[in-house]
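Okay, so here's the structure we're looking at.
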Amino acid sequence: MPNYLDDVPEQNAFILGDKKILNLFSLLLELRSMSDETYNYYASSHHNYFADWIMHVVNYHELADKLRNTSSRQQAIRVLEKSVEEHKEKDVKEDSFVVAETKPKMKKPVKKAEEKEKAEPLNKVPNKMTENNVMLQDIAQNEKEIKDFLWKHFAWDMAKEFMYGMAIGILIGMVLSKIFIRN
């Protein structure tokens, strides 16, 4: 049975703005954090690019059909959560004979996942999805904080520069009017 939670090849990633989505769990995280307007751009009564990607790239036709029958972002999130949870449980059952597993490749590991891994007994099989969930949620939170900071910082800088430009423009206008309207 195929594991629908695995990453697809990078060349088949779903491009969402400047992000590449490689698996269903990443898609779920993005659906949770995007606005309804963004969701409606990708999924409406006329088309559903998320369902198309799931059908043609992930090859999960049943889930794609369920997503096509949703009418809102919240419904799509519930459908995707249920599917991810079902496959996560199957994955854990199928891999229950594994004693050790490799860590996901990341440049900088998330401390919460490392602490959890150290706390678990060696004979207990770690739950891959729970560990990945913690790491991906931390990454998503950090990304959101960075975006919020940049928006606030650059929006304020742009407003300041606009006001400085307006003030300089008014001053130059006043000086020019004094020069040319003297007569």
TODO: Taking the Cβ of each residue in Phe25, Phe162, Phe50 as the centre, tally the other Cβ atoms inside 10 Å and list the residues starting with the fewest.
DONE: Phe162, Phe25, Phe50
- [ ] Would you mind getting me the FRET efficiency between Ala140 and Ile168? Use the beta-carbon distance for r and R0 = 41 Å, nearest 0.05.
- [x] 0.45
Task: Neighbour-count order for His46, His61, fewest beta carbons within 10 angstrom listed first - done: His46, His61
Task: Electrostatic dipole magnitude of region 16-77 [Cβ: Lys, Arg +1; Asp, Glu -1; Cα centre; debye, to 20] - done: 100 debye
Task: Order of Tyr60, Tyr41 - criterion: other Cβ atoms within 10 Å of each residue's Cβ, fewest first - done: Tyr41, Tyr60
Open item on the list: Can you work out the Karplus-derived ³J(HN,Hα) for every residue in region 47-64? Use 6.51 cos²θ - 1.76 cosθ + 1.60 with θ = phi - 60°, whole Hz, and x for glycine or proline.
Closed with: 7, 9, 5, 5, 5, 4, 4, 5, 6, 8, 9, 6, 6, 10, 5, 4, 5, 4
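Every number in this text was worked out from the coordinates using simple rules, so none of it is lab data. No experiment lies behind these values; they were computed from the predicted model shown. Positions of Cβ are generated from backbone atoms using ideal geometry, with glycine treated the same way; all protein chains shown enter the neighbour counts.
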